[in-house]
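Notes follow the structure.
Taken together, the values in this text are just the output of simple stated rules run on the coordinates, not laboratory data. Note that the coordinates shown come from a computational prediction; the quantities given were computed from them, not determined experimentally. Here the Cβ positions follow ideal geometry from the backbone for every residue, glycine too, while neighbour counts run over all protein chains shown.
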Amino acid sequence: MSTFIQLVTRSLETGSIYALAALGIIIIFRTSSITHFAQGAMAMFNTFVVTIFYINFHMPLWMALLGGIASAFLSGFLVDFLIIRHTKKVSPVAKQIMTLGLIMVFVGVIPLFFGVEPLNLPKFFNSGEIAFLGAKISYNGLFNISFGLILMFVLFYILQKTKWGLAVRTTASNDVVARMMGVPTRKVTMAAWAIAAGLGVIAGVMNAPTTTVTPNLMDSVQLNALIACVLGGFQTFYGPVLGAYIIGIVKNLFVYYISSVWGDQLLYISILVFIVFRPHGLIGKKVIKKV
Amino acid sequence: MSHVQPLEKGIILSIENLSISFGGIKAVDNLSFQIKEKEIFGLIGPNGAGKTTAFNCITQFYKPNHGSIRFLSKKDVTVELNEHAVHEIIGLGLVRTFQNVELIRELSILDNVLVGAHIDYKTGLFGAMVKTRKAKKEEESLRLEAMKILQFLGIADKAMWPVGGQPYGILKKVELARTLMCAPRLIILDEPAAGLNDVETLGLADVIRTIRNEYNCAVLLVEHDMRLVMDVCDTICAINFGKFLAKGSPKEIKLNKDVQVAYLGTQEDQV
Amino acid sequence: MKKLLAQIKAYPYTKYILLGLVLATIPSLVYFDVLKSSYVTLVGVVMIYTIVSLGLNLLLGWSGLISLGTAGFMGLAAYISAYMTMNLKMPFEVTLIVSILIPVAISVLVGLISLRIEGLYLAIATLAVSEIFRKTFAEFEFITNGFSGKSVRYPTFFGFFKLDTTMTYLLLVVFMVVIMILIHNLINSHVGRALNAMRGSEAAAQAMGINLLKYRLLAFALATALTSTAGILYAHFIKYVEPSKWNLGLSLNILAVIIIGGVRSIIGTFVGSLVVFAVPDLVLKQIPYFGKIPNFAYIINGILIIVVILYYPAGLIRVFNDGKDAVVKLFKKSRGKTV
């Protein structure tokens, strides 16, 4: 039993990382109708920025993270300003391909800016753990879980209760009508790209201590976040977040109880089978096409 | 298909008690009507009356909740359309056009028309890849047929032009030509006059009549343009809120009180 | 003579055969020291990637279905053929067929999924499939030899006819030209129109009697057959297969080939392959300063994808055609003036 609880708490930690990344993807999808494949690549780039602040400029981690978030906002803003704004006439699949091109750019420039050596980023809390129902949770794990939850709670509060949240939701629902009603959709979209990139770098910094900071840092997170979006459905903001926690938990259970080698593959296959039966995800509903 | 009750002589399509609802709203409610062979039949109604939904049911784009749709197929057998998949409908001799013109922009007009002959091709994948003599012959004969139809509609000179960038009137004709490729028994036209100017609409009436006479088929017309409907239809069925309202000749429909109310509102509404 | 020339020009396959003939001369140019010997490998690889990209073009360009699993399927075919020829000592002919059939069967399953999910999700589903492959390649050590990679030999036909570098290269030329001609025929047939219709308007396609399931599966099967062919040829031309090769980066490069070269263009696909897989080595590395930037080509390809989609959606092949038209126009005008 204690192993199980241990597994679940650790899954919540990875789940938080996936959830932050998935939330970034869904914010972009809802405001720009783009499946944002470069979310992970941008997060990885900005995590490198954090690492450089930390290692080369000897900043404390939290300050480096703030620097990284600033750089994430800037990169999100630039991507929107230079590219996304000009895609009004581009088909959805072509837009998707453009974000794939973005991956190549962000991955490609890493050696140029940051060298080829893998870098290391420490945890927020290096040691200490508390016991919980026989399982042990590190302070850092607890911090990651709660930080992720608080962040998402704040974002959902803004989305549901504030004027800006309403603007985002109307843009998501129908950007043409939103624009006609005086919603500054351009600003909304720009903010969405900045916030998504910010969520990405936070996920990146949480993920970094589990591995090394390399161009592949976010590959697995990005894939799992995308799959979380499919699992939760693209129609709501909270569906993908829910999907992310489910994937985090199921993944660890599969790896521990079934096979450490085949667990991941099994998870992906089960999700592929799942979407055959529920193509619109857990939360999503079928949209009737008009002809 | 012996279990389907055969249609009466002279009837080509019979709809009985057709109903479909979306999220609790009945888009089509207990609708019944019949279309005779070689008849030009108009389905009219105000915006949102359920015309397009009704015929999306007939062509199986939507599966109706209730009711039967019997059709006299090319082989003179009565079939229940609800038992067929959407891509099987054309093979039975029932073909449609689209409200917002669904053509392939990158292909030429001729190629777009040839898409309508898809079910006539016997060549398989291998034959198509190595271009066997049989495949070549088949392609040539169908190409010739497509050219004949384009000639009939007066746009043969544009056959090789890409569809993208053509004026709306031409696009509508290309869609019409595409439906004629399969030698249909019944053509359903979804608002063919939408987006056409007055002259083009007048021409369309002639085209529809000629198609009926030359190709020996019935036409089901869903249309907003009253002049066209009154001009060209033999029989008209009016519906409102998905329900049957009236049926009769254009004259009868014009004089029908219920239809007038549905279109213009009651006297009290107008005040 | 003029008539004959006109006839040759009207013959639909002329450009493919000409391209093949030009490429076939490269080994002799190397023999006479006109070109460096590395050109044979380089151009061979370009041809292999042309074949994969033609498959992706069939899927994405003509049928409108995206896939990010290209590299995974290519790797799968490469490994199966390597295992069958090296470990099982099977004849090359049998290997060729089996190594195409297995990936095709798997891709048909992916095609089944594609019918249930909306277009935008397909990229994610295929990405998951490629991740499954990638993880599996590293684990199935008895077939793939794990991280250390697997050596392969040039193909042997009929059990005794061993090919050398030049012969294998020529085999690639033949494969590419034949595949180009087959695809040319296919897309100009009713099957091609059905694929086009499926991309252009699913509603119209269905109304015209096109069975979406059948044609989606067909598109996936054909694309994977080409991808597998390329994978097999890669294994037997490069003579080495390693697991790290078949990653998302390769799939993205192949995507770049068709976007940059030209969506729905056969020759454009070759041009794109040349730009993505040969230009980096031939041109970019020679440029002072920029040539030294690691990943320079990868960055450029990424930027090109974005720029081409935004400003030149028909791809580079269109640039050539526009250029040709401009020259022809200029020529005609100047001739008109003299008359």
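Taking the three principal axes of the alpha carbon atoms in chain B, the coordinate ranges are 69, 48, 37 Å, sorted in descending order. With a 10 Å cut-off around each Cβ of B:171-179, the average count of Cβ atoms from other chains is 1. Over all pairs of different C-alpha atoms, chain C has a mean inverse distance whose reciprocal, the Kirkwood radius, equals 21.2 Å.
Need the C-alpha centroid separation for segment B:1-66 versus segment A:227-260, integer Å. Cα centroid of segment B:1-66 versus Cα centroid of segment A:227-260: 44 Å apart. By definition, a body whose alpha carbon gyration tensor gives a ≥ b ≥ c is prolate when a/c is 1.5 or more and a/b is larger than b/c, and segment A:12-77 fits this prolate description. Shielding by partners for peptide C:190-200, expressed as the average number of C-beta atoms from other protein chains within 10 Å of each residue's C-beta, is 6.
Taking Rh as the Kirkwood radius computed over C-alpha pairs, what is the Stokes-Einstein D of segment C:63-220 at 25 °C in a medium of viscosity 0.890 mPa s, expressed in µm² per second? Rounded to a whole number, D works out at 137 µm²/s.
Of all DSSP bridge pairs formed entirely within the protein assembly as shown, close to 65 percent run antiparallel. Volume of the convex hull of segment A:89-208 (Cα atoms only), normalised per residue: 170 Å³. Beyond 46 Å, the tail of the calculated P(r) for the protein assembly as shown holds 36 percent of the Cα pairs. Sorted largest first, the spans of the alpha carbon positions of segment A:21-123 along the three principal axes are 46, 24, 21 Å. Between the residues A:267, B:40, A:135, the greatest Cα displacement towards the positive end of the dipole of the protein assembly as shown, with unit charges on the Cβ of Lys, Arg, Asp and Glu, is found for B:40.
Of the residues A:3, C:182, A:229, the one whose Cα sits farthest toward the positive end of the charge dipole of the protein assembly as shown, with +1 on the Cβ of Lys and Arg and -1 on the Cβ of Asp and Glu, is C:182. What shape does segment A:2-218 take by its C-alpha gyration tensor, where a ≥ b ≥ c are the square roots of the eigenvalues and a/c under 1.5 counts as rounded, a/b above b/c as prolate, and the rest as oblate? Oblate shape, in that a/c is at least 1.5 and b/c is the bigger or equal ratio.
At q = 0.14, 0.15 Å⁻¹, what log₁₀ I(q)/I(0) does segment C:232-335 have when each alpha carbon counts as one equal point scatterer in the Debye sum? For the requested q values the scattering log ratios are -0.67, -0.75.
Each peptide in C:12-25, A:214-227 gets a packing score, the mean of other Cβ atoms within 10 Å over its residues, and the list from highest to lowest is A:214-227, C:12-25. When you restrict to C-alpha pairs under 8 Å that are six or more residues apart and normalise by the size of segment C:2-248, the relative contact order lands at 38 percent.
Of the residues C:143, C:49, C:4, the one whose Cα sits farthest towards the positive end of the charge dipole of segment C:2-248 is C:4 (charges of +1 on Lys and Arg Cβ, -1 on Asp and Glu Cβ, taken about the Cα centre).
Take each residue of peptide A:268-281, count the partner chain Cβ atoms within 10 Å of its Cβ, and average: the result is 4. Take A:29-35, C:166-172 and order them by the average number of nearby Cβ atoms within 10 Å per residue, most first; the result is A:29-35, C:166-172.
Exposure proxy shown here: for A:264, B:231, the number of other Cβ atoms within 10 Å sets the order, fewest to most, as B:231, A:264. Evaluated with a Cβ-only charge set (Lys, Arg +1; Asp, Glu -1), chain C carries a dipole of roughly 1260 debye about its Cα centre, given to the nearest 20.
Given +1 at the Cβ of Lys and Arg, -1 at the Cβ of Asp and Glu and no other charges, the dipole of the protein assembly as shown around its Cα centre is 1480 debye to the nearest 20. The trypsin sites (Lys or Arg not before Pro) found in segment A:71-136 that occupy coil by DSSP, while having at most 10 further C-beta atoms within 10 Å, are A:88, A:89.
Rounded to the nearest 20, the Cβ-based charge dipole of chain A about its Cα centre (Lys and Arg +1, Asp and Glu -1) stands at 1340 debye.
Of the peptides C:135-141, C:266-272, the order by per-residue mean of other Cβ atoms within 10 Å, starting with the highest, comes out as C:266-272, C:135-141.
Counting every pair of alpha carbons in segment B:168-271, the share spaced more than 16 Å apart comes to 62 percent.
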